[in-house]
Amino acid sequence: MKFKQNISIINALMRITCGFTFLTWAMARMVKKPWKNQSYIIVVMLSAMKIGEGILRYCPVTDAMENGQTLMKNEPKQERESNSSDSY
């Protein structure tokens, strides 16, 4: 799978830093209160995702938003073409 890096160095460093911070916090809570693991597992998974995004410098949400913006810009042109051919 090919992908283009779509976040900056500063953004990547912030994602890695925040990801490790939340990962450490959630893991410390899991060790302290092992019977309450379910809510902290979600935080661990999201933190790991942010760390991965920072390392790869690719965010799928940003990519989806950019592709959506491109599609929205191209859509009105197609509607005008179809409306002009339908008019008599």
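If you check every pair at least six apart or on different chains, which have Cβ atoms under 8 Å apart with a residue in segment 1-15 that is open to solvent by 100 Å² or more (accessible area, probe 1.4 Å) first and a residue that is among the aromatic types (Phe, Trp, Tyr) second? Correct list of pairs: Lys4/Tyr58; Gln5/Tyr58.
Looking only at segment 25-45, decide whether some residue is within 17 Å of the chain's Cα centre (by Cα) and not hydrophobic (A, V, I, L, M, F, W, C).
Checked against the condition, which is being within 17 Å of the chain's Cα centre (by Cα) and not hydrophobic (A, V, I, L, M, F, W, C), segment 25-45 yields no hits at all.
Cβ-Cβ contacts under 6 Å between residues 6 or more apart (or on different chains), taken from a first residue in segment 55-69 that is assigned to a loop (DSSP other than H, G, I, E, B) to a second residue that is open to solvent by 60 Å² or more (accessible area, probe 1.4 Å), are listed as Arg57/Gln5; Tyr58/Phe3; Tyr58/Gln5.
Of the residues making up segment 27-54, not one is modelled with pLDDT of 95 or more, among the charged types (D, E, K, R) and either open to solvent by 90 Å² or more (accessible area, probe 1.4 Å) or in a loop (DSSP other than H, G, I, E, B) (or both). Scan segment 30-72 for residues that are closer than 14 Å to Ala12 by Cβ and among the hydrophobic types (A, V, I, L, M, F, W, C) and the total you get is 5. Being under 17 Å from Ile7 (Cβ atoms) and at pLDDT below 95 is a condition met by no residue of segment 18-26.
The values are calculated or read from the model by the stated rules, or taken from the named source; none is laboratory data. Since this is a predicted model, take the numbers as computed values, not measurements. Every residue, glycine as well, gets a Cβ built from its backbone with ideal geometry; the counts of neighbours run over all protein chains shown. The accessibility values were calculated without ligands, DNA or RNA, using every heavy atom of the protein model including side chains. Shrake-Rupley method; radii C 1.70, N 1.55, O 1.52, S 1.80 Å.
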